[in-house]
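The values are calculated or read from the model by the stated rules, or taken from the named source; none is laboratory data. Every value quoted in this text rests on a predicted model; they were computed, and no experiment measured them. We place every Cβ from the backbone using ideal geometry, glycine too, and count neighbours over all the protein chains shown. We work out accessible area using only protein heavy atoms, side chains counted, and drop any ligands, DNA or RNA first. Shrake-Rupley method; radii C 1.70, N 1.55, O 1.52, S 1.80 Å.
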Amino acid sequence: MSKQTYKVCFCFRRRFHVTASEAPSAVKSLFQDYSENGIMDVDHLHRFLTEVQKEPNATKEEAQAIIDNLHLHIFHRRALNLEGFFKYLFGDFNPPLSPSLGIKPGQVHHDMNAPLSHYYIFTGHNSYLTGNQLNSDCSDVPIIQALQRGVRVIELDIWPNSKKDNVDVLHGGAFSGFASKMVYLFTINLDVTRTLTTPVELIKCLRSIKEHAFVASEYPVVITLEDHLTTDLQAKVAEMVTRTFGEILFSPGSECLKEFPSPESLKKRIIISTKPPKEYLEAQKVKEKENDVQKGKGSSDEEAWGKEVPNLKGFTSAQEKDDLDEESNDEDNVDDKSPPNVAPEYKHLIAIHAGKPKGGLAECLKVDPDKVRRLSLSEQQLEKASETYAQDIVRFTQRNILRVYPKGIRVDSSNYNPLIGWSHGAQMVAFNMQGYGRSLWLMHGMFRANGGCGYVKKPDFLLKAGSNKEVFDPRVNLPVKKTLKVTVYMGEGWYYDFHHTHFDAYSPPDFYTRVGIAGVPADTIMKKTKTLEDNWIPAWNEEFEFPLTVPELALLRIEVHEYDMSEKDDFGGQTCLPVAELRSGIRAVPLHSRKGEKYKSVKLLMRFDFV
């Protein structure tokens with residue numbers, strides 16, 4: 001790894017010296033301060049852990065375990081030299097999110113005994129789609145992948161199959177004019193309320209959910225159903241669900257719950273959430289609606305790597321106006337009253353009732369002391385509602401569940417800024433898990449918290465009312481609560497995980513790091529380091545400060561890119577970390593691919609301090 005040759009033209013070669021990874025000057029200085037005669041023993045390391053790494057509960061036994069686990073090949077294995085100290089700091093034993101040495105990475109540490117409405121829940125949208133919303137395949141594979149990542153809410157659209165004797169999972173949507181024209185042009189025998197996606201049998205999806213539901217987390221999985229079924233097929237669904245899940249199905253049996261149970265009490269249980277059943281609506285009766293694809297193109301959450309997470313202001317155009325009182329795409333567009341000819345077995349399955357009462361948004365957001373429910377709003381509906389009803393939404397989400405979903409014109413399966421939902425207390429911010437991009441990175445970052453179990457306890461200020469019954473108002477600018485100082489020391493690992501011409505055919509890469517905050521508008525910002533030319537192991541040694549007014553909702557965004565003068569900059573890795581769970585001190589930060597998959601070797605050495 002000492003030299004590397006790049007071919008330039010046909011007869012000329014450039015040779016570059018490739019340096020080995022070396023501890024930054026700040027690390028060398030700390031080693032000097034916390035060692036004696038070039039050796040850091042257990043007492044020295046313990047003092048470093050408590051004073052620099054801000055781990056007051058660290059024990060000498062834990063310090064010794066760090067030394068033992070490094071498997072150092074030095075003359076004194078009961079202590080560290082500079083090389084060993086650097087190896088510890090930049091190694092897997094020093095992650096950025098484990099809250100303390102007493103809590104291991106992946107360990108649940110939030111209070112899990114509060115009602116479900118007190119948690120953000122890792123939520124999927126159209127969980128069965130392999131790609132875009134128009135013509136990608138429906139499959140159980142994306143469902144399995146979502147569950148393996150820790151997603152706890154799976155959405156299924158259920159329709160009669162072509163013979164009307166069984167149930168398929170299929171993306172349905174009233175793309176009225178567009179779909180019917182496509183059907184006519186291509187002579188496809190397709191219901192005009194459906195897209196061109198190929199179906200998958202419901203029973204296959206249910207079996208896959210049962211098999212993989214608790215692989216990544218033992219906390220409950222919610223299945224949200226959007227049904228378009230006749231009464232007889234609803235009865236068939238009830239039989240399928242009951243037979244497939246058996247005793248792990250949570251069926252309270254009452255019309256509506258008075259309060260949601262806790263995640264702890266629902267461990268390894270399956271929960272069904274949908275509206276009270278209604279008669280199947282024939283396709284010709286489906287209304288024109290706001291997400292007709294003729295009204296606009298789907299807006300990606302990233303047109304280029306340089307674009308920030310979009311501000312939802314401006315997303316709603318005059319062509320995309322929707323009626324808050326009557327929203328025909330959402331499964332909640334019904335009154336809670338069930339028609340007389342419903343399948344009682346199906347109705348009995350519903351544990352979390354969904355519904356959008358008549359009478360406008362103010363009526364929808366009323367809190368009933370005798371029952372809890374779920375309400376769904378599209379991303380632009382929430383944006384519009386937040387202008388007038390921000391505190392009503394927060395008050396509603398203290399007892400009830402709010403689900404936010406992507407607007408219908410996102411046919412490319414892109415996503416939106418989840419912070420507007422989270423800052424209003426929305427528990428189920430539903431995302432297209434196949435819609436890779438910056439918005440999904442934020443979702444991954446949020447649910448790295450609490451051991452990655454898929455449930456994150458909401459901040460107290462979103463759960464409690466003041467003495468005058470006032471609640472948190474996301475629109476109000478608050479004073480700075482704390483400042484996060486971030487130092488980007490260096491990075492390594494690209495040399496091992498990428499081909500040497502991946503970034504530049506003629507020279508080593510020119511890396512820079514972007515680091516910033518996603519949070520409430522007052523906290524949101526992005527900064528960048530200088531670009532270091534021709535270096536596989538860049539050492540930036542730059543410090544940034546981020547004043548935070550609502551640190552409880554802040555996510556630290558980190559991206560590495562390779563500068564390209566003539567083309568779009570190349571992607572070199574990313575991660576998103578919940579600020580509330582950041583460990584102070586010097587930490588090794590693993591980076592991930594665009595799809596959120598962790599690289600084998602690529603990571604940054606960074607320092608985090610709160611002042």
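Scan region 52-68 residue by residue and report those that are open to solvent by 70 Å² or more (accessible area, probe 1.4 Å) and either touching a Leu at 6+ places or on another chain (Cβ under 6 Å) or touching a residue at least 12 places away in the same chain (Cβ under 8 Å) (or both).
Listed by number, the residues that qualify are Lys54, Asn57, Lys60.
Given Arg395, Arg399, which one is out of contact with any Lys or Arg (no Cβ under 8 Å at 6 or more places or on another chain), within 26 Å of Gly253 (Cα to Cα) and open to solvent by 10 Å² or more (accessible area, probe 1.4 Å)? Explain how you work it out, then say what you get.
Numbers: Arg395 fails: within 26 Å of Gly253 (Cα to Cα).
After ruling out the rest, the residue left standing is Arg399.
How many of the residues in region 408-445 are part of a helix (DSSP H, G or I) and either at pLDDT below 90 or polar (S, T, N, Q) (or both)?
Residues that pass the stated criteria total 2.
I need the full set of residues from region 87-119 which are modelled with pLDDT of 90 or more and in contact with an Asp or Glu (Cβ under 8 Å, 6 or more places away or on another chain), in order please.
Filtering region 87-119 down to residues modelled with pLDDT of 90 or more leaves 87-91, 94-97, 108-119.
Listed by number, the residues that qualify are Phe90, Leu97, Met112, Asn113, Pro115.
Condition check ((1) free of Cβ contacts under 8 Å to residues at least 12 places away in the same chain; (2) in contact with a Pro (Cβ under 6 Å, 6 or more places away or on another chain); (3) surrounded by fewer than 21 Cβ atoms within 10 Å (Cβ to Cβ)) across all residues:
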residue	(1), (2), (3)
Gly491	no, yes, no
Tyr496	no, no, yes
Thr501	no, no, yes
Ala505	no, no, yes
Gly516	no, no, no
Gly519	no, no, no
Lys527	no, no, yes
Asp534	no, yes, yes
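Please verify whether Ala449 is touching a helix residue (DSSP H, G or I) at 6+ places or on another chain (Cβ under 8 Å), more than 30 Å from Val602 (Cβ to Cβ) and among the small types (Gly, Ala, Ser), treating the condition exactly as stated.
Details: touching a helix residue (DSSP H, G or I) at 6+ places or on another chain (Cβ under 8 Å): yes; more than 30 Å from Val602 (Cβ to Cβ): no; among the small types (Gly, Ala, Ser): yes.
The answer is no for Ala449.
Has region 133-147 got at least one residue that is β-branched (Val, Ile, Thr) and modelled with pLDDT under 95? Spell out the reasoning first.
Going residue by residue through region 133-147, those that are β-branched (Val, Ile, Thr) are 141, 143-144.
So of that shortlist, the ones also modelled with pLDDT under 95 come out as none.
There is no residue in region 133-147 that is β-branched (Val, Ile, Thr) and modelled with pLDDT under 95.
Take the residues of region 451-478 that are in contact with an Asp or Glu (Cβ under 8 Å, 6 or more places away or on another chain) and not in a loop (DSSP other than H, G, I, E, B): which is surrounded by the most Cβ atoms within 10 Å (Cβ to Cβ)?
Here the residue is Lys457.
Taking the conditions exactly as written (open to solvent by 10 Å² or more (accessible area, probe 1.4 Å), in contact (Cβ under 8 Å) with a residue 24 or more places away in the chain and within 23 Å of Tyr455 (Cβ to Cβ)), does His118 satisfy them or not? Talk me through it step by step, then tell me what you get.
Numbers: open to solvent by 10 Å² or more (accessible area, probe 1.4 Å): yes; in contact (Cβ under 8 Å) with a residue 24 or more places away in the chain: yes; within 23 Å of Tyr455 (Cβ to Cβ): yes.
Yes, satisfied.
From the residues in region 220-255 that are of a type in the set (Val, Ile, Thr) and either without any contact (Cβ under 8 Å) to a residue 40 or more places away in the chain or open to solvent by less than 10 Å² (accessible area, probe 1.4 Å) (or both), which one is farthest from His125 (Cα to Cα)?
Selected residue: Ile248.
Would you list the strands (runs of 3 or more DSSP E) that sit entirely within region 497-611 and hold 1 or more residues that are closer than 23 Å to His110 by Cα?
Working: elements: 511-518, 525-528, 539-548, 555-562, 570-578, 585-592, 598-610.
Of the strands (runs of 3 or more DSSP E) lying wholly inside region 497-611, those with at least 1 residues that are closer than 23 Å to His110 by Cα span 511-518, 539-548, 555-562, 570-578, 585-592, 598-610.
Looking at (1) modelled with pLDDT under 90; (2) open to solvent by less than 10 Å² (accessible area, probe 1.4 Å), can you tell me which one Lys358 breaks?
Condition not satisfied by Lys358: (2).
Given the criterion assigned to a loop (DSSP other than H, G, I, E, B), buried (at least 22 other Cβ atoms within 10 Å of the Cβ), polar (S, T, N, Q) and modelled with pLDDT of 95 or more, identify the matching residue among Ser262, Ser217.
On the way: Ser262 fails: buried (at least 22 other Cβ atoms within 10 Å of the Cβ).
From the options Ser262, Ser217, the qualifying one is Ser217.
Here is a check on your reading of the model: is Gln427 among the polar types (S, T, N, Q), under 20 Å from the mean Cα position of the chain (by Cα) and surrounded by 24 or more Cβ atoms within 10 Å (Cβ to Cβ)? If you could, list the steps in order and put the result at the bottom.
Values: among the polar types (S, T, N, Q): yes; under 20 Å from the mean Cα position of the chain (by Cα): yes; surrounded by 24 or more Cβ atoms within 10 Å (Cβ to Cβ): yes.
For Gln427, the condition - among the polar types (S, T, N, Q), under 20 Å from the mean Cα position of the chain (by Cα) and surrounded by 24 or more Cβ atoms within 10 Å (Cβ to Cβ) - is met.
State which residue is modelled with the lowest pLDDT when the search covers only region 523-542 and only residues that are more than 27 Å from the chain's Cα centre (by Cα) and not hydrophobic (A, V, I, L, M, F, W, C). Full working, then the answer.
In the first step, residues of region 523-542 are kept if they are more than 27 Å from the chain's Cα centre (by Cα); the result is 530-542.
Those left that are additionally not hydrophobic (A, V, I, L, M, F, W, C): 530-531, 533-535, 538, 541-542.
Details: Lys530: 97, Thr531: 96, Glu533: 93, Asp534: 89, Asn535: 92, Pro538: 96, Asn541: 97, Glu542: 97.
Within region 523-542, the match that is modelled with the lowest pLDDT is Asp534.
Just to be sure before I move on: is Asp412 within 22 Å of Arg438 (Cα to Cα), of a type in the set (Asp, Glu) and open to solvent by 10 Å² or more (accessible area, probe 1.4 Å) in the structure I sent?
Values: within 22 Å of Arg438 (Cα to Cα): yes; of a type in the set (Asp, Glu): yes; open to solvent by 10 Å² or more (accessible area, probe 1.4 Å): yes.
Yes; evaluated as a whole, the condition is true for this residue.
State all residues of region 129-154 that are under 15 Å from Ile209 (Cα atoms), among the β-branched types (Val, Ile, Thr) and open to solvent by 10 Å² or more (accessible area, probe 1.4 Å); if no residue qualifies, say none.
Residues satisfying the conditions are Val141, Ile144.
Of all residues in region 357-396, how many are of a type outside the set (Phe, Trp, Tyr) and either touching a strand residue (DSSP E or B) at 6+ places or on another chain (Cβ under 8 Å) or more than 20 Å from Val520 (Cα to Cα) (or both)? Walk me through it before giving the result.
Taking region 357-396 first, the residues of a type outside the set (Phe, Trp, Tyr) are 357-388, 390-395.
Subset that is either touching a strand residue (DSSP E or B) at 6+ places or on another chain (Cβ under 8 Å) or more than 20 Å from Val520 (Cα to Cα) (or both): 357-379, 382, 385, 393.
The number of residues fulfilling the criteria is 26.
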